[in-house]
Amino acid sequence: MSWMGIHQQVKKEDFGISFSFLSLFLNVYFYFSSLVDGWCTSQLKIVLLGGRDSGKNAVGNLILGKEEFGTEERTLCSRRIGKVSELRVTVVNTPGWWCDSSAQNTPKLVKMEIITSVALCSPGPHVFLIIIKATSVLSEKRRKALEEHVALLGDAVWSHCMVVFTCAEKYKDTNSEEYVESGGKALCWLSEKCSQRCHSVVPSDNSQRTVLLEKIQKLVTENGNSVFEMEAKILWVNEEEKREMEERTRLRLKKMKKHRSLIQNKSKGVTNIRIVLLGAKGSGKTSALNTILARENNPKPIRTVCCQAGQEMVLGRLVTVVDTPGWWMNYFCDESSNFDRGELALSSYFCPPGPHVFLLVIRVDRAFTETCRRAAQEHLDMIGEHIWSHVILLFSFGDWLGDTPIEQYIESEGEALWWIVERCDNKYHVLNSKMKDKEFQVRELIAKIEKIITSSDNGCYYKLERKVLEQLEGTMRREKERARERLMKKKKQ
Ligand SMILES: Nc1nc2c(ncn2[C@@H]2O[C@H](COP(=O)(O)OP(=O)(O)OP(=O)(O)O)[C@@H](O)[C@H]2O)c(=O)[nH]1
Ligand SMILES: [Mg+2]
């Protein structure tokens, strides 16, 4: 098989789970590919870095001159190879981070992929393009997030970096110097870090490709055609962590497959299901309620302040879902307001005689840190001691995972998430509230809930205690009374 034949085969590939055979194949490929690269001087290897929605896909497409990268969110690197004049160009796109989010809050999966991008350009990339949306302000917080994510590749990376501003057609006459000048301290810092190598493009305008490639070529020449060589230890540790994560993922997938077949066999006719949604603020609770009850999602969601119950017939069952105000992701129980704590404690009473399950909503597009874990544990413990046997983890933002199995996210995240998965007896489900056809996701969730209900003789719901209810109701009534009095007083004044 010719070398080009091999290149054609790997031309379009997303690199996620590389189980043993694939891993072996890739290693052999990279080895030989690096030999070939040594002989061939007309090579250009580019890695795209940047926050989410910064325009990485569009810049990749502009460089390669065709629609090679899709617009959907991804957790994995994707590599495309194309020919530009006599140059063989490799472009590796990396998953982006949330612009305001520190590296600590970025899922481990994404961080591992950013490092993997270098391995996908063996023997190393010539250039890293840092993509920034020209219209977004690079605040100090965003600058710091960018610095932390680029730092994953080691200090030496900066001499291979160039900033690319992506802008709309109407700004095509604004050049990069103007962006830097008007962008404040943070952008000046970035420009300096990249030795003033900045360029602005309108990605939809193909005529801008040549100038962009010339700028890239200039950087390559300045670096004496050398490629970026990452510290071997970083790559090695990353490879090792990935290998271990893949092995754990394989085992978990096997276990869950067995589990799923048991669910299908066990399902019995349940006519009434009661659910309480719990989770951090903005985790996707209200969207989950709408998805489960087959309601339209509000295009401009508003924060849930008080508990609210919704009820619909879903797949032949009467389903009640209680939405709750959440806790701040990094706040422990004593830092939450009395009001929020009261609402959480009362949530079960919105679906008498008590919920069959609590769905603990966790976003998969964020890291699940030890602080998140402690916050969740403390708030759930506050609701009730015996709550845990009724908790199912509901992973929201399933669309962000793309084709990556949730098991890979779980296994990459580490101890804090493993603890909570274990605490919920490995009961979890993924929800993608942005998907058009959501029925199959709900069907599977209901099957999982029914398995919990039918596995116990007494219908197995979380029973409410009259005494606690009376106490809580009394407290809430007194608070409301005081609030009313204060309002009257204010009106009089
Ligand atoms: N892409 C994506 N976005 C989602 C998903 N679920 C929720 N969102 C978005 O996340 C944001 C917060 O969602 P909500 O459902 O309002 O979250 P919440 O937990 O009810 O928030 P609070 O009521 O403020 O605690 C909204 O902008 C949703 O559109 C999902 O599965 N995928
Ligand atoms: Mg809400």
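The values are calculated or read from the model by the stated rules, or taken from the named source; none is laboratory data. On a predicted model such as this, the values are computed, not experimentally measured, just so you know. Cβ coordinates were reconstructed from backbone atoms using ideal geometry, including for glycine residues, and neighbour counts include every protein chain displayed. All accessible areas refer to the heavy atoms of the entire protein, side chains included, with ligands and DNA or RNA removed. Shrake-Rupley method; radii C 1.70, N 1.55, O 1.52, S 1.80 Å.
A few remarks follow.
- Reachable aspartates and glutamates from Lys434, criterion Cα separation under 13 angstrom, eight or more residues apart if same chain: Glu72, Glu73, Glu296, Asp399
- Between the C-alpha center of segment 144-200 and that of segment 408-458 there is a gap of 41 Å.
- Taking the chain and dividing mean pair separation by its residue count, relative contact order in percent (alpha carbons under 8 Å, at least six apart): 13 percent
- DSSP finds beta bridges in the chain, and of those with both partners inside it, around 30 percent are antiparallel.
- Its Cα gyration tensor gives the chain an equivalent ellipsoid. The semi-axes, each the square root of 5 times an eigenvalue, are 48, 28, 19 Å from largest down.
- Cα long-axis angle, helix 140-150 against the chain (0 to 90 degrees, to the nearest 10): 60 degrees
- In the context of the full set of protein chains, segment 250-462 has a per residue accessible area of 46 Å² (1.4 Å probe).
- If you take all other residues with their beta carbon under 13 Å from the beta carbon of Leu445, and give Lys and Arg +1 and Asp and Glu -1, the sum is +4.
- Integer Hz, Karplus 6.51/-1.76/1.60 couplings in order for segment 351-364, x for Gly and Pro: 9, x, x, x, x, 6, 9, 10, 9, 8, 8, 10, 7, 8
- The chain - mean residue ellipticity at 222 nm from DSSP helices (-39,500 (n - 2.57) per run, n ≥ 4, rounded to 500): -14000 deg cm²/dmol
- Segment 187-288: projected area of the alpha-carbon convex hull, averaged over directions, in nm²: 14.8 nm²
- Assuming charge only on the beta carbon of Lys and Arg (+1) and of Asp and Glu (-1), the dipole of the chain about its Cα centre is about 1600 debye to the nearest 20.
- Heavy-atom accessible surface of the chain: percent carbon and sulfur, 1.4 Å: 53 percent
- Calculated Rg and Dmax of segment 346-408 using C-alpha coordinates, Å: 13.8, 39
- Restricting segment 62-158 to trypsin sites (Lys or Arg not before Pro) that sit in a DSSP loop and have at most 16 other Cβ atoms within 10 Å of their own Cβ leaves Lys66.
- Long-range Cα-Cα pairs in segment 370-493 (distance over 18 Å), rounded percent: 69 percent
- The loop-placed chymotrypsin sites (Phe, Trp or Tyr not before Pro) in segment 393-464, going by DSSP, include none that has at most 16 neighbouring Cβ atoms within 10 Å of its Cβ.
- Percent of alpha-carbon pairs separated by more than 15 Å within segment 121-183: 59 percent
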